[in-house]
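One structure is given below, encoded as structure tokens.
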Amino acid sequence: MGTVDLARLGLSYGMSLVAFHGGREPRPFSAAFAVTNRCNLRCAYCNTPFLDPTDLPLPRVSELFDRLKQMGVSRLGLVGGEPLVRKDIREIVSLAKERHFFVTFNSNLVLYRRRPEVFDDVDLVFTSLDGDEEAHCAERGAHAYDGVLDAIEALTSRGKPVVAIQVVQKPDIEQTEGLLQLAERLGFQMHFQPQCVDTAIVRGALPESVTSEALRDHWAALLERKRAGRPIASSARYLAVQSRWRDFRVSAMLDPSARCAAGRGFLYIDPLGDAYPCAFTKGKTEPINLLEQDWRRAFTGATPCTVCNVGPMLEFNLLFQNPLSASLEALRRIR
């Protein structure tokens, strides 16, 4: 990431932060756009492939990106479903870079070898690793591990930063340690997030045999490894929140005394252009179609929850609740 891009991202975040704390018109600096709900896998905890398979055509995607640019967005996450199933995904990445977005790309990487050129202009790649091949395929299906490590090696050799995400369903420090050793060997980082419940884009639940107490201990162990310098992208504050989370069968709650930055600092857009404060609120609040309405005027600021332990949303909220320490840590991760 160049100095100019970093400065642009920092300025956008700063303006979003001022707007959030000053009670001004929403100015999200980050947006996640689900380019499709379609996916080549059927992960046990993801409901996205069972949602509407309709995609926005490329001209409408271009219009959507113009709207996001006008709103002040500088970081754009291309997510799914699996973005690589779209035949025009390279053109979508190009449209994003033409508008100078910092582009992150979420992919299971199974299709990487067919389309490596898609990642030429991507700034940061997120993928998924739930453990060794047996553990990974148990949650994501047969062949879900095929080519993933080769793709990670290819990306890191091209200078692309890679973060692999493990969905934590049970306290299994053996799998965690294996993933960290793999990350150290191949040169990527790990992010850990709890299995979420009660929203349109997820399905399933934690095993009945797993207790919140055991999970809190597991997250505390992850925090210790983070402090020991292991390749963990998750922030220390984030891991600390997880280590104190009371009930992992509840992913979010409404606390009138708390403020959430969803919708003001970041937002989520589904494949039809319908926007929500965050991905976790899809199905819980009425969408605002960004191709028809101005988010800055249409968004009331109300969210169905204000406190959560949902991986990316918690990290974003920490950026707004503890801006100095959180942004310094994020800067170190980006560099």
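Only one of these is on the phi < 0 side of the Ramachandran plot, in contact with a helix residue (DSSP H, G or I) (Cβ under 8 Å, 6 or more places away or on another chain) and surrounded by fewer than 20 Cβ atoms within 10 Å (Cβ to Cβ): ALA44, ALA31. Name it. Going through ALA44, ALA31 in turn, the sole match is ALA44.
Each row is one residue, and each column tells you yes or no for (1) surrounded by fewer than 21 Cβ atoms within 10 Å (Cβ to Cβ); (2) closer than 16 Å to TYR268 by Cα; (3) in contact with a Phe, Trp or Tyr (Cβ under 9 Å, 6 or more places away or on another chain); (4) small (Gly, Ala, Ser).
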| site | (1), (2), (3), (4) |
| --- | --- |
| PRO57 | yes, no, no, no |
| ARG114 | yes, no, no, no |
| VAL118 | no, no, yes, no |
| LEU124 | yes, no, yes, no |
| ASP130 | no, no, no, no |
| GLU133 | yes, no, yes, no |
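Look at the stretch 252-266: where a residue is in contact (Cβ under 8 Å) with a residue 40 or more places away in the chain and closer than 23 Å to SER30 by Cα and a partner is among the hydrophobic types (A, V, I, L, M, F, W, C) and surrounded by fewer than 14 Cβ atoms within 10 Å (Cβ to Cβ), sitting 6+ places away or on another chain with Cβ atoms under 9 Å, you get GLY263/ALA302.
Before we move on, is LEU68 closer than 19 Å to PHE316 by Cα and touching a strand residue (DSSP E or B) at 6+ places or on another chain (Cβ under 7 Å)? Against the criterion (closer than 19 Å to PHE316 by Cα and touching a strand residue (DSSP E or B) at 6+ places or on another chain (Cβ under 7 Å)), LEU68 qualifies.
Matching residues to (1) assigned to a strand (DSSP E or B); (2) within 23 Å of GLY23 (Cα to Cα); (3) at pLDDT below 95:
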{"residue": "ALA302", "(1), (2), (3)": "no, yes, yes"}
{"residue": "CYS305", "(1), (2), (3)": "no, yes, no"}
{"residue": "LEU324", "(1), (2), (3)": "no, yes, yes"}
{"residue": "GLU329", "(1), (2), (3)": "no, no, yes"}
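Considered as a group, the residues in the stretch 45-102 that are in a helix (DSSP H, G or I) and β-branched (Val, Ile, Thr) include one that is nearest to the chain's Cα centre (by Cα), and that residue is THR48. Among residues of the stretch 94-125 being touching a Pro at 6+ places or on another chain (Cβ under 9 Å) and among the hydrophobic types (A, V, I, L, M, F, W, C), the one that is nearest to PRO171 (Cα to Cα) is VAL125. Of all the numbered requirements in (1) hydrophobic (A, V, I, L, M, F, W, C); (2) under 23 Å from ILE288 (Cα atoms); (3) in contact (Cβ under 8 Å) with a residue 40 or more places away in the chain; (4) out of contact with any Ser or Thr (no Cβ under 7 Å at 6 or more places or on another chain), PHE65 misses one, and that requirement is (3). Here SER74 meets each of (1) closer than 28 Å to ASP130 by Cβ; (2) of a type outside the set (Phe, Trp, Tyr); (3) touching a His at 6+ places or on another chain (Cβ under 8 Å) with one exception, condition (1). Which of the residues that make up the stretch 276-292 are more than 11 Å from LEU64 (Cα to Cα) and out of contact with any Asp or Glu (no Cβ under 8 Å at 6 or more places or on another chain)? Scanning the stretch 276-292 gives PRO277, CYS278, ALA279, PHE280, THR281, GLY283, LYS284, THR285, GLU286.
Scanning the stretch 135-153 for residues that are more than 17 Å from TYR45 (Cβ to Cβ) and in a helix (DSSP H, G or I) yields VAL148, LEU149, ASP150, ALA151, ILE152, GLU153. The residues on offer are GLU315, GLU208, GLU224, and the sole one that is assigned to a helix (DSSP H, G or I) and exposed (fewer than 15 other Cβ atoms within 10 Å of the Cβ) is GLU224.
Here ILE201 clears all of (1) crowded, with 16+ Cβ neighbours inside 10 Å; (2) touching a helix residue (DSSP H, G or I) at 6+ places or on another chain (Cβ under 6 Å); (3) more than 30 Å from SER74 (Cα to Cα) except the condition numbered (3).
The values are calculated or read from the model by the stated rules, or taken from the named source; none is laboratory data. These figures come from a predicted structure and were not determined experimentally. Ideal geometry is used to build each Cβ from the backbone, glycine not excepted, and the neighbour counts take in all protein chains shown.
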